[in-house]
1. Select, from A:ARG66, A:ARG102, the only residue that is closer than 30 Å to A:TYR270 by Cα, within 10 Å of another protein chain (Cβ to nearest Cβ) and assigned to a helix (DSSP H, G or I).
2. Just checking, how many residues over the range B:176-190 are aliphatic (A, V, I, L, M) and at the interface with chain A (Cβ under 10 Å from one of its Cβ atoms)?
3. Against the condition more than 14 Å from every other protein chain (Cβ to nearest Cβ) and of a type in the set (Val, Ile, Thr), how does A:VAL80 come out, does it pass?
4. Name the single residue, out of those in the range B:246-264 being in a loop (DSSP other than H, G, I, E, B) and either surrounded by fewer than 19 Cβ atoms within 10 Å (Cβ to Cβ) or under 19 Å from the mean Cα position of the chain (by Cα) (or both), that is modelled with the highest pLDDT.
5. Would you say B:ILE243 is in contact with a Ser or Thr (Cβ under 9 Å, 6 or more places away or on another chain) and part of a helix (DSSP H, G or I)?
6. Applying the selection to the range A:112-149, what residues are surrounded by 17 or more Cβ atoms within 10 Å (Cβ to Cβ) and either in a loop (DSSP other than H, G, I, E, B) or touching a strand residue (DSSP E or B) at 6+ places or on another chain (Cβ under 8 Å) (or both)?
7. Hand me the list of strands (runs of 3 or more DSSP E) wholly inside the range A:198-276 holding 2 or more residues that are buried (at least 21 other Cβ atoms within 10 Å of the Cβ) and among the aromatic types (Phe, Trp, Tyr).
8. Scan the range A:164-180 for residues that are away from every other protein chain (no Cβ under 12 Å), in a loop (DSSP other than H, G, I, E, B) and either within 17 Å of the chain's Cα centre (by Cα) or surrounded by fewer than 18 Cβ atoms within 10 Å (Cβ to Cβ) (or both) and jot them down.
Amino acid sequence: MSTQNQSKNHQNTQKPSETTTVLQTEKLSVYYSDTLALRDVYMEIPKQQVTALIGPSGCGKSTLLRCFNRLNDLIDKCRVEGKVLYRDKNLYSPKIDPVEVRRRIGMVFQKPNPFPKSIYENIAYGARIQNRKENMDELVERSLQRSGLWGEVKDKLKESGLSLSGGQQQRLCIARAIALKPEVVLMDEPCSSLDPISTGRVEELIKELKEEYTIIIVTHNMQQASRVSDFTAFFNAEESDKGNRFGYLVEYDETGRIFGNPQAQATKEYLSGKFG
Amino acid sequence: MTSTSQTRHSANTDESMEFSYGTRRTLIGAVLTVLAFIMLAIAILPLGLVLGYVIIRGGSQFNLELFTGQIPVALQEGGGVGPAIVGTLIVVGIASVLSIPFGILAAVYLSEFSSDRIVKWIRFATNILSGVPSIIVGLFAYGVIVVNTNQFSAVAGGFALAILMLPIVLRTADEALQLVPQEVRWASTGVGASNFQTVLQVVLPSAMGAIVTGTTLAIARASGETAPLIFTALFSKFWPTNIWEPIPTLSILVYKFATVPYENQQEIAWAASLILVLLVLITSILSRLATIKSIY
């Protein structure tokens with residue numbers, strides 16, 4: 001089912017078999033004001049697994065992540081070419097409402113960004129705007145339990161979300177993202193502004209969450225990718241003839257194989273720390 | 001400073017680290033500090049003098065009749081400014097209803113929805129509007145409302161004040177909205193909110209404190225304006241009954257009574273000044289209380 005890349009620089013992206021695909025990209029390219037940022041990505045994301053996107057800075061990992069929930073729409077002058085297929089529907093077709101997309105594909109950002117509202121409202125907000133009729137108290141408790149935050153905040157639900165520590169804020173953001181049970185959760189370097197202990201907690205959480213959700217995580221930390229993910233995609237950056245850097249997919253396989261037996265030269269060099 | 005040690009390094013550590021009052025550096029620093037304080041005192045002086053004088057001259061008039069009595073005519077004793085207080089409240093109220101919703105909505109458009117090119121020009125236009133002399137705004141209101149409705153009215157006065165308030169409300173709301181960090185908007189969009197929901201339920205509440213401060217400033221400015229009311233709301237001696245008629249206001253009352261040779265009216269003018277100052281103060285305090293308590 002995977003389509004071939006023509007250029008001999010890029011390793012073919014073999015889709016790991018026996019798993020169903022929930023998201024798929026076809027010749028996906030992203031331009032910022034006519035400057036190429038990401039070139040011709042072909043990828044299939046398996047369902048209910050953790051897929052990690054790794055690579056040096058500027059290789060387009062976060063840009064690719066934002067394509068999956070159409071958050072690039074919010075960036076001025078960002079243009080997307082190619083297709084992103086979610087359940088066989090192209091997310092970038094003009095008929096698709098991006099608001100509906102984001103209700104099915106949630107996101108956790110690099111810097112924790114709770115709303116300036118109470119902890120309770122942070123989680124209830126999503127349900128309210130989608131007119132969900134469920135019991136708010138249960139929803140809030142369930143989500144906070146799931147993200148491991150309930151014990152620490154159950155007595156102070158009315159306090160501002162901003163009064164929590166960094167690690168707690170990020171777990172609040174995760175609770176917020178999973179509250180409405182999206183099918184896919186995108187995480188853009190969720191642990192990069194956290195201390196090691198909070199990072200460990202979040203990584204544990206990710207491993208538990210994959211039983212219900214498909215997770216795509218961008219990370220700068222190779223060890224984290226090897227700890228947490230089932231599949232890993234390695235991206236690299238290259239200079240074009242016009243002098244700007246753009247990213248492309250180099251290799252994509254099961255985590256064990258990427259780290260244990262990388263095929264491409266660039267992958268080997270990155271993993272052994274020759275650049276990053 | 002002399003040092004007779006061999007190396008530069010040990011010379012520095014030999015010298016004492018304590019304050020040396022004789023050095024030029026310390027002296028200049030002290031002089032400049034004193035100078036800065038003197039300038040501060042000079043800057044605050046007018047405020048203190050004005051307030052102090054108004055309180056002394058006006059406060060002595062305070063009694064119940066001041067607030068409930070009719071506006072006195074020449075040579076009449078006693079009387080009060082009750083009608084003018086109500087008039088000011090009405091006219092500023094009309095101005096607020098006209099300017100605040102438009103100002104805030106325009107600011108929302110500017111900071112959330114417009115493109116870079118347009119934004120520059122609208123902000124520029126707003127700045128120009130805020131610099132228009134208030135008497136010209138009054139003339140404009142005269143031409144638009146008074147001439148067409150064939151009468152002087154509170155509505156005309158409110159309209160003129162609204163034009164004066166609009167740029168202030170717009171600018172402060174615009175800046176308040178820009179201060180809301182972009183990540184919060186992204187978070188809301190990421191949870192599946194439409195633009196409308198994000199702005200109304202996340203961005204606006206978050207900026208509300210600063211917006212309220214801005215509107216209070218605008219209201220304070222409007223309640224003290226005199227020139228635009230001179231030929232729009234005019235003046236009357238009676239308790240206001242109809243917004244389509246001339247209406248007394250505190251600022252016009254002060255204007256009229258301050259220079260007539262009747263001592264009673266002059267005293268009333270002082271009292272009216274104090275009331276005006278107090279009104280502005282109370283508005284500020286109320287709005288501060290409102291924002292502190294708000295939980296959304």
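The values are calculated or read from the model by the stated rules, or taken from the named source; none is laboratory data. The shown structure was predicted, so the numbers you read here are calculated from the model rather than taken from an experiment. Quick reminder, even Gly has a Cβ in these numbers, built from the backbone with ideal geometry, and neighbours come from all protein chains shown.
1. A:ARG66
2. 3
3. Answer is yes for this residue.
4. B:THR249
5. No, not satisfied.
6. Correct list: A:PRO112, A:ASN113, A:PRO114, A:PHE115, A:PRO116, A:LYS117, A:SER118, A:ILE119, A:SER147, A:GLY148, A:LEU149.
7. By residue number, A:231-239, A:245-254.
8. The one that is away from every other protein chain (no Cβ under 12 Å), in a loop (DSSP other than H, G, I, E, B) and either within 17 Å of the chain's Cα centre (by Cα) or surrounded by fewer than 18 Cβ atoms within 10 Å (Cβ to Cβ) (or both): A:SER165.
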